[in-house]
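K.L.:
Handing you a structure now.
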RNA sequence: GGUGAGGUGGCCGAGUGGUCGAAGGCGCACGCCUGGAAAGUGUGUAUACGGCAACGUAUCGAGGGUUCAAAUCCCUCCCUCACCGCCA
């Protein structure tokens with residue numbers, strides 16, 4: 001959520017900044033609604049003040065021994081009338097307030113200055129490249145062909161059990177998948193200063209509103225068929241970031257560089273609106289595993305924190321010796337709540353292209369304001385909004401895909417990257 | 001699922017209809033005291049919105065109701081704790 005004061009102060013500037021992401025802010029509608037809100041507030045507050053004054057007088061007179069009826073009569077015989085007007089006025093004030101709130105919740109974050117202009121993926125700007133895509137002296141296969149050939153990947157049985165966009169893995173491939181999770185968590189907790197955290201995979205609406213999935217993107221979520229408005233998490237970002245909801249952190253709790261959580265969870269996405277896209281293989285699934293990095297930092301530190309966090313995700317790709325590039329998302333491609341996002345794209349020989357494997361974002365105070373995540377600034381003594389960040393470190397399913405495709409051998413087996421050997425016992429090849 | 005007890009400020013905890021945004025304590029800040037510290041002592045110490053300000057309004061788990069007036073009474077829901085049942 002944006003700071004309503006900032007919008008009031010300079011609505012045109014906010015609107016212009018939002019143009020970059022193709023969002024049109026209706027300044028007139030905002031200003032009208034805001035003016036109505038203010039008037040409704042003033043009107044209802046005046047009446048409430050009047051009632052409070054009168055009620056206090058009644059109380060005093062009764063205290064002096066007057067009968068209740070006489071006291072009421074003496075103070076103001078129209079008190080009852082005021083009561084009914086209060087009802088309608090406060091009701092109206094509440095409604096206008098809610099309308100304004102809804103409008104605010106629907107406005108995306110303002111993109112950072114670094115965010116390039118552009119409307120689609122094609123306008124993202126590449127900022128770095130690591131590693132060289134390997135060359136193969138045999139026809140490369142994609143991960144589906146590779147996994148099926150060794151009898152360890154099966155989407156047909158998954159389709160029988162559930163439906164499309166699910167996967168079943170067997171044997172060493174399933175083990176490799178599990179090994180990746182351990183590997184990633186170990187690196188982040190041992191080398192990058194993250195605290196491991198285990199969280200619910202089912203969350204309530206307040207949490208989803210806090211991180212920005214609700215109210216606007218409900219169609220992307222799986223909602224549970226129960227009467228309590230629960231949803232499956234689309235990413236660990238939701239439960240982990242909401243640890244800070246309605247909390248005020250002491251400065252000391254933030255340490256040198258903020259609070260860092262690393263979390264493995266499954267993620268569930270409806271993928272509504274992506275029919276026909278990435279239908280083959282494990283690239284786009286309703287259920288996938290991810291190791292997520294979440295940081296809660298002091299506002300002055302979030303710009304640097306995004307660089308650090310992205311670096312932490314990059315380390316995983318580097319240790320696995322997977323070629324990748326780093327892009328900064330353009331205004332049209334950046335997520336609703338993000339101020340600035342780096343995508344890491346891994347090289348996939350089977351698709352002959354780079355594909356997203358991690359998305360690292362700085363949300364500024366946007367999520368923090370929605371969820372009232374604060375810290376007590378020692379300089380002011382006041383609670384102030386934190387800044388939140390998160391990034392995949394990494395998407396596990398896609399990492400598995402990348403390993404299959406990049407480490408495939410002429411004989412159809414798949415070599416296991418050295419970094420994973422400690423997690424795979426004596427297994428050095430899949431399908432060997 | 002059943003029964004019972006609870007949800008109050010950064011924390012603990014009092015408050016069962018009226019000058020209560022809320023006693024007291026802890027913590028924290030500043031001062032006094034001290035050679036310095038501890039102890040002691042004094043003062044201050046929630047958030048949001050509106051207002052230049054004085055100040056006003058709201059907030060005692062959430063929502064609704066009763067009343068001139070609700071932290072306090074009534075209803076619904078959520079959560080926590082204890083015991084019982086069931087269960088991985």
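The values are calculated or read from the model by the stated rules, or taken from the named source; none is laboratory data. Just so it is clear, the model here is predicted, and its values are computed rather than measured. Counting neighbours? That spans all protein chains shown, and the Cβs are built from the backbone with ideal geometry, glycine included.
K.L.:
For residues that are within 12 Å of RNA strand B (Cβ to nearest atom), in contact with a helix residue (DSSP H, G or I) (Cβ under 8 Å, 6 or more places away or on another chain) and not in a strand (DSSP E or B), tally how many sit in segment A:377-393.
P.N.:
2
K.L.:
Return only the number of the condition from (1) surrounded by fewer than 20 Cβ atoms within 10 Å (Cβ to Cβ); (2) assigned to a helix (DSSP H, G or I); (3) in contact (Cβ under 8 Å) with a residue 24 or more places away in the chain that residue A:336 does not satisfy.
P.N.:
Here residue A:336 clears every test but (2).
K.L.:
Is it the case that segment A:120-129 has a residue that's at pLDDT 90 or above, more than 10 Å from RNA strand B (Cβ to nearest atom) and farther than 30 Å from residue A:216 by Cβ?
P.N.:
So far as segment A:120-129 goes, yes, one or more of its residues are at pLDDT 90 or above, more than 10 Å from RNA strand B (Cβ to nearest atom) and farther than 30 Å from residue A:216 by Cβ.
K.L.:
Is there a residue being more than 11 Å from RNA strand B (Cβ to nearest atom) and over 39 Å from the mean Cα position of the chain (by Cα) anywhere in segment A:12-30?
P.N.:
Looking through segment A:12-30, none of the residues is more than 11 Å from RNA strand B (Cβ to nearest atom) and over 39 Å from the mean Cα position of the chain (by Cα).
K.L.:
Given the conditions (1) more than 8 Å from RNA strand B (Cβ to nearest atom); (2) surrounded by 12 or more Cβ atoms within 10 Å (Cβ to Cβ), which single one is not true for residue A:98?
P.N.:
Residue A:98 satisfies every listed condition except (2).
K.L.:
Can you spot a residue in segment A:360-376 that is in contact (Cβ under 8 Å) with a residue 24 or more places away in the chain, outside any loop (DSSP other than H, G, I, E, B), assigned by TED's automatic domain parsing to the domain that holds residue A:258 and under 30 Å from residue A:408 (Cα atoms)?
P.N.:
yes
K.L.:
Residues of segment A:290-302 being surrounded by fewer than 21 Cβ atoms within 10 Å (Cβ to Cβ) and either in contact (Cβ under 8 Å) with a residue 60 or more places away in the chain or in a loop (DSSP other than H, G, I, E, B) (or both), which ones?
P.N.:
Hits for segment A:290-302 are A:298, A:299, A:301.
K.L.:
Right, another one. Out of all the residues in segment A:254-261, is one or more in contact with a helix residue (DSSP H, G or I) (Cβ under 6 Å, 6 or more places away or on another chain), under 26 Å from residue A:397 (Cβ atoms) and assigned to a loop (DSSP other than H, G, I, E, B)?
P.N.:
no
K.L.:
Out of A:116, A:111, report the one residue that is touching a residue at least 24 places away in the same chain (Cβ under 8 Å), touching a strand residue (DSSP E or B) at 6+ places or on another chain (Cβ under 6 Å) and not assigned by TED's automatic domain parsing to the domain that holds residue A:283.
P.N.:
A:116
K.L.:
Out of A:26, A:3, A:34, A:41, which single residue is in contact with a helix residue (DSSP H, G or I) (Cβ under 6 Å, 6 or more places away or on another chain) and either surrounded by 13 or more Cβ atoms within 10 Å (Cβ to Cβ) or within 24 Å of residue A:209 (Cα to Cα) (or both)?
P.N.:
Result of the check over A:26, A:3, A:34, A:41: A:41.
K.L.:
Yes or no: residue A:307 over 14 Å from the mean Cα position of the chain (by Cα) and without any contact (Cβ under 8 Å) to a residue 60 or more places away in the chain?
P.N.:
yes
K.L.:
For residue A:426, work out the one condition from (1) in a strand (DSSP E or B); (2) away from RNA strand B (no atom under 16 Å from the Cβ) it doesn't fulfil.
P.N.:
In the conditions (1) in a strand (DSSP E or B); (2) away from RNA strand B (no atom under 16 Å from the Cβ), residue A:426 misses (1) alone.
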